[in-house]
């Protein structure tokens, strides 16, 4: 399903002349499954999770083989509690569904966080706002995109 989030991501990459390769595939819901479908190392893939902290939304993007360190997130934002966004919030507020969360491309005031381990990869496979597509860009371009979108670094 083509989403507004997907359209914004493609437009951003094209506007900024970032080379990318688009892969369409059956819907996937985990980074582990995506890495198997596309035959890439799990650490080259991204895993994005949406968190709520009061009225704030935070999208955290880590390597496919990492786990979120909630203590670091709380410390980074000076907050005491976070919770995972439910599927309804993902759809209504972020414009995507489970398995379709992207590391950037949101219109709303969404705080972005990215793991620095992703910047060490030659190529990054990321979700473009659809669970049936994946984009591959260089690790260098991914770093530029995330910093250009004011992501905080873990």
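The values are calculated or read from the model by the stated rules, or taken from the named source; none is laboratory data. Quantities reported herein were computed from a predicted structural model and do not represent experimental measurements. Cβ placement follows ideal geometry from the backbone for every residue including glycine, while neighbour counts extend to all protein chains displayed.
In the stretch 4-18, is there at least one residue being touching a helix residue (DSSP H, G or I) at 6+ places or on another chain (Cβ under 7 Å) and within 22 Å of residue 139 (Cβ to Cβ)? Yes, the stretch 4-18 contains a residue that is touching a helix residue (DSSP H, G or I) at 6+ places or on another chain (Cβ under 7 Å) and within 22 Å of residue 139 (Cβ to Cβ).
The set of residues in the stretch 73-89 being assigned to a loop (DSSP other than H, G, I, E, B) and over 15 Å from the mean Cα position of the chain (by Cα) consists of 78, 79, 80, 81, 82, 86.
Report whether or not residue 122 is touching a strand residue (DSSP E or B) at 6+ places or on another chain (Cβ under 8 Å), more than 15 Å from residue 48 (Cβ to Cβ) and at pLDDT below 95. Reasoning before the result, please.
Details: touching a strand residue (DSSP E or B) at 6+ places or on another chain (Cβ under 8 Å): yes; more than 15 Å from residue 48 (Cβ to Cβ): yes; at pLDDT below 95: no.
In short, no.
Filtering the stretch 76-85 to residues that are within 18 Å of residue 31 (Cα to Cα) and surrounded by fewer than 17 Cβ atoms within 10 Å (Cβ to Cβ) leaves only 84.
Which members of the stretch 88-123 meet the condition of being surrounded by fewer than 13 Cβ atoms within 10 Å (Cβ to Cβ) and either over 20 Å from residue 10 (Cβ atoms) or without any contact (Cβ under 8 Å) to a residue 24 or more places away in the chain (or both)? Show your work before the answer.
Of the stretch 88-123, the ones surrounded by fewer than 13 Cβ atoms within 10 Å (Cβ to Cβ) are 88, 92, 107-109, 116, 120, 122.
88, 92, 109, 116, 120, 122 - these are the residues of the stretch 88-123 that are surrounded by fewer than 13 Cβ atoms within 10 Å (Cβ to Cβ) and either over 20 Å from residue 10 (Cβ atoms) or without any contact (Cβ under 8 Å) to a residue 24 or more places away in the chain (or both).
Let's see how each residue does on (1) in a loop (DSSP other than H, G, I, E, B); (2) over 12 Å from the mean Cα position of the chain (by Cα):
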{"site": "91", "(1), (2)": "no, yes"}
{"site": "97", "(1), (2)": "yes, yes"}
{"site": "103", "(1), (2)": "yes, no"}
{"site": "107", "(1), (2)": "yes, yes"}
{"site": "111", "(1), (2)": "no, no"}
{"site": "119", "(1), (2)": "no, yes"}
{"site": "140", "(1), (2)": "no, yes"}
{"site": "145", "(1), (2)": "no, no"}
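Report yes if residue 17 is free of Cβ contacts under 8 Å to residues at least 60 places away in the same chain, part of a loop (DSSP other than H, G, I, E, B) and farther than 20 Å from residue 115 by Cβ, otherwise no. It is true that residue 17 is free of Cβ contacts under 8 Å to residues at least 60 places away in the same chain, part of a loop (DSSP other than H, G, I, E, B) and farther than 20 Å from residue 115 by Cβ. Checked against (1) more than 20 Å from residue 38 (Cβ to Cβ); (2) at pLDDT below 90; (3) surrounded by fewer than 16 Cβ atoms within 10 Å (Cβ to Cβ), residue 144 passes all but condition (2).
Taking the conditions exactly as written (in contact with a helix residue (DSSP H, G or I) (Cβ under 8 Å, 6 or more places away or on another chain) and surrounded by fewer than 15 Cβ atoms within 10 Å (Cβ to Cβ)), does residue 41 satisfy them or not? Criteria met by residue 41. In summary, residue 22 fulfils each of the numbered conditions (1) at pLDDT 95 or above; (2) surrounded by 14 or more Cβ atoms within 10 Å (Cβ to Cβ); (3) under 16 Å from the mean Cα position of the chain (by Cα) with the single exception of condition (2). Exactly one residue out of 82, 117 is under 23 Å from residue 39 (Cα atoms), touching a strand residue (DSSP E or B) at 6+ places or on another chain (Cβ under 6 Å) and modelled with pLDDT of 90 or more: that is 117.
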